[in-house]
Each structure stands twice: as C-alpha cells, then as structure tokens.
Protein chains: 2
Amino acid sequence: MKYNVITITREFGSGGRTIAKELAARLGYSYYDYNLVQKIAEQSNFSRQYIEEHGEDASQSGWFAFAWNNYGGGLSDQLYVAQRNVITNLAEQGRCIIVGRCADYILRERTDTFHAFIYADRAFRQKRIVDVYGESDESIESRVEKKDRRRITYYRYYTDRKWGQAKYYDVCLNSGHIGIDMCCDLIERMVK
Amino acid sequence: MKYNVITITREFGSGGRTIAKELAARLGYSYYDYNLVQKIAEQSNFSRQYIEEHGEDASQSGWFAFAWNNYGGGLSDQLYVAQRNVITNLAEQGRCIIVGRCADYILRERTDTFHAFIYADRAFRQKRIVDVYGESDESIESRVEKKDRRRITYYRYYTDRKWGQAKYYDVCLNSGHIGIDMCCDLIERMVK
C-alpha cells in the first residue's frame, strides 16, 4: 500500500463517513471517527460529554469560545491539543483512516498520508441527512446551515486554512455528483 | 457516455492540458485549448494576437485592465463575451473537452457537463514547466508566480468565484501527488 494513513475531511451529509468506513473494510485499515472521543477521553482529563460538546461540531468553538467565555476558550484549546496528540499517535501506528477533526492539517507533514475531501451540494446533503439520520424538530436547512458553520469555524480557527480549498488535498470528490460507491472505488485505486 | 462536455480548469504546469488531450484521444472527443483562439478570431473582430495577449494569461486582464486603461477594460469584456459565445456553441455541439478560459463557469448550468480541476504544488509545477517548455531568461519562480496571479485575477473578475474551491467541480485532482496518468484514468472512469 502506498499510504499508511488516510484522512477524510467531509461536509455534513456528504457521505464521507460512509466512504471512510467502506474503505477501511476494503483495505483492512482501522477506522476512527466517533470512537476517537473515547480515545481522547482516556488520554486526557476531559469527559466524553465535554469532548462531544466542544469538538468540531460544537456550537461554541474556536474564537466563538474565546469571545463568549474566557475559560471556555482555554479549555477548547486544551481539548484540541489532546485530540491532536491522539491523532498523531494513531498515525504513528499506521494503517488507519481518520475522519474529520482537522486530521488533514495535523498530519500535513507526513509523506505517507493521503488526504481526501468529500463534499456535495446542499440539496443532496439535505436529502441524505433525512434518509440516514431522520427528521428532527429543526428544519433540515437550519440543521445543515448550523453544522456547516460550526465545522468551517472550527477548522479555520485551528488550522488557519479556509474550508474546501482543493490545494490541501490529494483529491476532492463531489459525492453528490459522482456517487458514494464511485468515491470509494477511486480512492481505493489511488491509495493502493 | 454520461457526459457530453468536459471542462478542465488547471494550474499552470500541473499537466491539465496533457490530461485533457489524452482524455480526448481516449474518448474520441474534440479538444479545445489554444485552438479556441482561432475560433474566437473567426467569430469576432479580434485578431489572434489581441486574443492571445488579452485572454486568461494576459498581463492586463479584468480589473487590471480597468484600472490601467479605460478602453482596455471595455475591450477585455467584449473579448470575454466573444469567447463565452464560442464555448457555449461548442458545448451545444457536444462531445468535447475544453481547457481553461472560465469554461467551468460558463457551462455551470449544463447538466451534461463534467468539471475537473487539476492542480499541484509549486515545486512539481516548476520542474515540469522547465522540462516541458524549457528555461527562459526569467526565473522559474517568477514565471509561475506571474501566470498564477494572472489566471486567478482573470477567473475572479469574470466569474466572481475564488480560484481552486472544490465545490465548483465534480473532482479536483492533485496531479503532482497522484500522477498525470492516474488523473486520466480516474476521469475516464468517472465520465464513462
């Protein structure tokens, strides 16, 4: 295998997680997404609940946290450092796929790492979110809008990169246009 | 074939033109790049020389032209309109690949069109430019820097889009990392 580590940065509802899971199965790699929360909790003083509430999908992350709560800002940064250490260690062990959490940026210096960005237009994502996660009291437009804004803000704050810029990735795939299965096939071909 | 038209937006030296040419041969599609200049000249009042000097690689395009020369600005816009008409007509005829010249933006509403963005880091592009086009009196760093700036400015002015944003494309491929042959193979697979 050409690459020891694969990072998948994804837009909410684009199917990036599904692609990562499928690829991990095909390649025999470990897969890290929500299960990173447990690892971070084990290796830091943060509770699972705090990690879930203050990660990349947090309502108050990065400079929001700073602006709204002096202490919150400091803790958010400590959580980011704990998460960075977990991701760096996992990459060191190798043969893994890591979803989100700025892993593309954290592992940018490693030459054995392949970086993919998965995105899709809003209409595709909204439909898929309702299909996969179901309806909620909140409108689907508002759910996607909020989640996008949180991830973009979090990513910008901790990486100083703009979200969705092709140059940071080996490949960027529009899952809404080319299909989730095709995304898996193409990445598998590239990394093998 | 799923797509009637393919647009390739590319960074200078990334191999986008080579990829487009190879794909056209594999798919039996017409290929339009420099030969667009001749078509635009035939269908407008502009000379070949003017088109070459005021296209996407022009030293004075878009708002530069406006700022520096009132008349130049107006003519640049007329040239863009002539070019847009040529590209729109070619797409109407179908079975073609169009390189650069904001074709991705001009044909954004067509559902039978596949949009690819090809890019690579500076070191790869600099080496490739010297290999393909040879040395010149100007340093390679300066040649790439200038050409990038011109294309980005031209693209921004006529499309109001930022250069290199994944969301405008079906696929974005880092030719420096995955290789030019692999780019051809992947796009061929996606469009067939």
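Here are the numbers for the structure shown:
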{"item": "Kyte-Doolittle mean at least -0.5 and Cα axial length at least 20 Å: DSSP H helices in chain B", "result": "B:70-93"}
{"item": "Principal axis dimensions, largest first and in whole angstrom, of the protein assembly as shown by Cα", "result": "70, 49, 44"}
{"item": "Solvent-accessible area of A:Phe46 with every protein chain in place, 1.4 Å probe, in Å² to the nearest 10", "result": "30"}
{"item": "Under 18 Å from the Cα of A:Lys127 - aspartates and glutamates, other chains or at least 8 residues apart", "result": "A:Glu11, A:Glu135, A:Asp137, A:Glu138, A:Glu141, A:Glu145, A:Asp148, A:Asp181"}
{"item": "Anisotropy class of chain A from Cα gyration tensor, a/c 1.5 cut", "result": "oblate"}
{"item": "Greater than 25 Å apart at Cα, pairs in A:Lys2/A:Lys167; A:Lys167/B:Lys146; B:Lys147/B:Lys167; A:Lys146/B:Lys2; A:Lys21/B:Lys2", "result": "A:Lys146/B:Lys2; A:Lys21/B:Lys2"}
{"item": "Isolated Cys in chain B, by beta carbon distance under 4.7 Å", "result": "B:Cys96, B:Cys102, B:Cys183, B:Cys184"}
{"item": "A:Ser136 - accessible surface, heavy atoms, 1.4 Å probe, Å² rounded to 10", "result": "50"}
{"item": "Chain A, helix-only ellipticity at 222 nm - DSSP H runs n ≥ 4, -39,500 (n - 2.57), divided by all residues, nearest 500", "result": "-17000 deg cm²/dmol"}
{"item": "The range A:5-191, relative contact order in percent, only Cα pairs under 8 angstrom and at least six apart counted", "result": "35"}
{"item": "Average partner coverage of A:157-166, which counts Cβ from other chains inside 10 Å", "result": "4"}
{"item": "Sparse-neighbourhood loop sites, GluC sites (Glu not before Pro) in the range A:117-192 - DSSP loop, at most 15 other Cβ within 10 angstrom", "result": "A:Glu135, A:Glu138"}
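The values are calculated or read from the model by the stated rules, or taken from the named source; none is laboratory data. None of the values given here were measured: they were computed from a predicted structure. When we count neighbours, we look across all protein chains shown, and the Cβ atoms used for this are built from the backbone with ideal geometry, even at glycine. Calculation scope for accessible area: heavy atoms of the full protein, side chains included, ligands and nucleic acids excluded. Shrake-Rupley method; radii C 1.70, N 1.55, O 1.52, S 1.80 Å.
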